[in-house]
Ligand SMILES: Cc1cc2nc3c(=O)[nH]c(=O)nc-3n(C[C@H](O)[C@H](O)[C@H](O)COP(=O)(O)OP(=O)(O)OC[C@H]3O[C@@H](n4cnc5c(N)ncnc54)[C@H](O)[C@@H]3O)c2cc1C
Ligand code: SF4
């Protein structure tokens, strides 16, 4: 899932300086799950914006709406009519959602309320960790299901740098050394020999990437 | 799991009263709401609040933790507090049909009440001059004061019900005659005839029947009983006869019951009252013979032991050979049972069972005679007031359907929520049941004053707050994003990941609301406290408080479990709103008052280790912290929101006065 967090309030306020009627638009999928851009956060942010606006003598009307996914045009169409009453849409989705809405509702200025941070997994109550870098060339078969591209500070793919101490990363001491984790996991699986192979350097993907599924995208 | 199941108290109640509904209304001090809920199904709240057999309490799930909720006493409280309140409008007469009800006990009067409300013209006939059946003539005053019964009866008559008293079916009129003037007859003459055993000496003077004796006393007679009284039996009538004898001056009263204290039908509280009043109870004994010269002088008993199970599922008492003993008695009161007066019914042409009850088709109360219905103790044999009310209600409804040629309504099935799991039981705090205040023994045995005095308001609220709100907890809506936050944070571990969305077993949910306050999709609905209501309640409170135009307006949220009786302290500037645990309040609930231009918000929580829901305080603190951050960012200032106790409220207040009014009212931002 994609993890995103709310931008600093000041930044959002500045973005909206010139708008009177803003739709705060939540997204019901990833950012709801990571508790930063779902219906509840929409309610809070809209309320905060209204109050801040009044204090700045820039009273804004902040409408509240949440759709299931902002990365699908069909869901965006559900708010098409309503959106035309607003000067701007403040999207609480990830960057993809913001662009999805901007594409579909091209006549309205769409602004991002969030910083999209990573693709991650849940690490217990209220915590998410980065887990995948979307590199386009997966090597998890060789690393015990732990991604060194996303989880090693240096994205090393052929073993540790040698700087870790007590199992912790030398770059950020709060993080475990992911290569030590890979080693331990493979040991448990009796697959240490996998480490003898070499991973080829990755080619940087050429942006923008596109996925076409020939089975359902004819022509 | 079945989300249509109702709380066990409601399922067990013969009229399926929304017990949880009225108990939770009392828990927040709203007695009017409580009595409205009760009155929807029960025209006798005062009576039932005193003498109901409370099947609800036997089913109450709180008993799994400690003791059941005192549901009956709470009903009494709601009704005592609202005696003058007019709850029901006089109905319009919408139908032509006239209905005769014979018998003004709870069954007959409930039917009259329901039929009058439906718009029928109803006349009630009774052989007595006082209406109410056993409520006014039978059940003694010290348990159920007559003036209260009269008020309930009068409320029913006020609906336009006509009463014709002193007229007896079989003596003063016949069914045939009635059917000429009325389109239907509703028979509710109850069970009036005492059963008499066939022992030697039963015909002696001084051997009397309990029901007749109690009726006599109810009518104001004071029969001379003598000093030594033996009462035979173990039901309500036996205990009532014994306690009444004490009040008539008998110095030595003994109840003799053939089974043990565990089987005694009157129930432990009645037994306790009787024993306190000096009544002796001999268990496991039955009479063999009454002796005396014209007048009874003594009774010979034989000891019993419990043998195999009988048809009723109770162990059958069997005599122990050579164990006879004797007690002296100036009066013997027989309370071994009573039944309908079958003669009159048979003569009227009704089909009668072997035990003298009227045979009916089914719950519709249809008898073998066209247009004649029957309900209450005359159909069931001696039961209870609440069952008579239930029967009256069902048959009245069937009669309406019959007249309006609507199909019989299938009896609704009330499925009870299942028991609490052992794991959940362990997590629920114990809390003692409130004791009913009562007259001291010496104050009661010389008169017929009501013994139980009723809960004080404080007691009632605290008792009501013991209710677990079974089945009124959290429900997951379709827009659940399956984030599983609820699964991770529930202090009871109840939500679980379902196939598509999170699921909550409503039968186990404790309704703390923490999951609802934390759900990022706002997809969890707390049935007890809908979000819209919260908002509306706050907006209304602010509007009202504004009218008093205080310089500074503070909204105070307090935990009702921490301060059951009401706001924790009084302050002119604070407008209090009670919450059943502040842990269920989300961040928005703390910042929204500021949008309504309130100047400050304080939160008064329960003590740290006393949270009813384990983690409530921790969640309140976390939500308040996050709300403070937002207030800072928008320029209203975090210091306007705080958790306080009575002691540090003044600090908060001084700080707030220094900050001045909500900047939204001046448009001046606070520098942060
Ligand atoms: C001493 C005693 C104590 C009890 N205590 C409790 C208790 O604590 N809790 C509880 O739930 N239940 C108790 N009961 C049982 C309860 O009172 C009855 O189950 C209930 O009253 C039955 O209601 P009913 O309307 O069917 O009949 P009843 O209340 O018996 O009313 C029948 C009415 O019909 C009238 N009637 C009878 N024959 C004729 C006729 N031929 N013509 C015209 N009118 C007639 C009678 O005068 C009476 O008014 C007690 C009963 C007794 C006797
Ligand atoms: S705890 Fe409350 S809702 Fe549950 S059974 Fe008892 S009275 Fe009814």
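Read-outs: derived from the displayed coordinates by stated rules, not from any lab. All figures in this text were calculated on a predicted structure; none of them were measured in a lab. FYI the Cβ positions are ideal-geometry reconstructions off the backbone, even for glycines, and counts take in every protein chain you see.
Key figures
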{"item": "Peptides ranked, highest mean first, by Cβ atoms within 10 Å: ranges B:550-561, B:226-237", "result": "B:226-237, B:550-561"}
{"item": "Shape box of the protein assembly as shown [Cα atoms, principal axes, largest first, Å]", "result": "118, 68, 67"}
{"item": "For segment A:2-118: relative contact order, % (alpha-carbon pairs under 8 angstrom, 6 or more apart)", "result": "35 percent"}
{"item": "Enclosed volume per residue, in Å³, of the convex hull spanned by Cα atoms of segment B:116-263", "result": "162 Å³"}
{"item": "Using alpha-carbon coordinates, inclination of helix B:649-659 to the longest axis of chain B, degrees", "result": "40 degrees"}
{"item": "Cα gyration tensor of segment B:194-337 - equivalent ellipsoid semi-axes, whole Å, descending", "result": "23, 18, 13"}
{"item": "At R0 = 45 Å, FRET efficiency that the Cβ-Cβ distance of residue B:525 and residue B:212 yields, to 0.05", "result": "0.20"}
{"item": "Isotropically averaged projected area of segment B:192-233, using the convex hull of Cα atoms (one quarter of hull area), nm²", "result": "3.6 nm²"}
{"item": "Rounded, prolate or oblate (a/c below 1.5 giving rounded, otherwise prolate when a/b exceeds b/c) for segment A:2-118 by Cα gyration tensor", "result": "oblate"}
{"item": "Cα convex hull volume per residue for segment A:91-219 (Å³)", "result": "193 Å³"}
{"item": "Folded to 0 to 90 degrees: helix A:39-55 orientation relative to chain A principal axis, Cα", "result": "50 degrees"}
{"item": "Largest-first principal axis extents, alpha carbons of segment B:474-526, Å", "result": "22, 21, 17"}
{"item": "P(r), alpha carbons of segment B:35-148 - 10 Å bins starting at zero, rounded %", "result": "13, 35, 35, 14, 3, 0"}
{"item": "Peptide B:581-591 - average C-beta neighbours from other chains (10 Å radius)", "result": "2"}
{"item": "Highest to lowest packing among A:102-114, B:583-595, B:642-654, A:189-201, scored as the average C-beta count within 10 Å", "result": "B:583-595, A:102-114, B:642-654, A:189-201"}
{"item": "Nearest-0.05 FRET efficiency for residue B:415 and residue B:272, computed from C-beta distance (R0 35 Å)", "result": "0.55"}
{"item": "Two-decimal Rg/Rh across segment B:447-563, once Rg and the Kirkwood Rh are taken from alpha-carbon atoms", "result": "1.13"}
{"item": "Peptide B:510-522 - average C-beta neighbours from other chains (10 Å radius)", "result": "3"}
{"item": "Descending Cα extents along the principal axes, chain B, whole Å", "result": "102, 60, 53"}
{"item": "Alpha carbon convex hull of segment A:135-197, volume per residue in cubic angstrom", "result": "79 Å³"}
{"item": "Whole-number percent relative contact order across chain B, with pairs defined as alpha carbons under 8 Å at least 6 apart", "result": "13 percent"}
{"item": "Over segment B:531-666, equivalent-ellipsoid semi-axes from the Cα gyration tensor in Å", "result": "22, 16, 15"}
{"item": "Highest to lowest packing among B:429-435, A:180-186, B:51-57, scored as the average C-beta count within 10 Å", "result": "B:51-57, A:180-186, B:429-435"}
{"item": "Bins of 10 Å from zero: percent of alpha-carbon pairs in segment B:526-578", "result": "24, 48, 26, 2"}
{"item": "Chain A: angle of helix A:95-104 to the longest principal axis, Cα-based, in degrees nearest 10", "result": "40 degrees"}
{"item": "Kirkwood Rh in Å, taken over segment B:409-508 so that all alpha-carbon pairs contribute", "result": "17.9 Å"}
{"item": "Segment B:474-526: relative contact order in percent, alpha carbon pairs under 8 Å with at least 6 residues between", "result": "48 percent"}
{"item": "Computed [θ] at 222 nm, helices only, for chain B once each DSSP H run of length n ≥ 4 contributes -39500 (n - 2.57)", "result": "-9500 deg cm²/dmol"}
{"item": "Rounded to 5, the percent of DSSP beta bridges in segment A:2-118 classed as antiparallel", "result": "20 percent"}
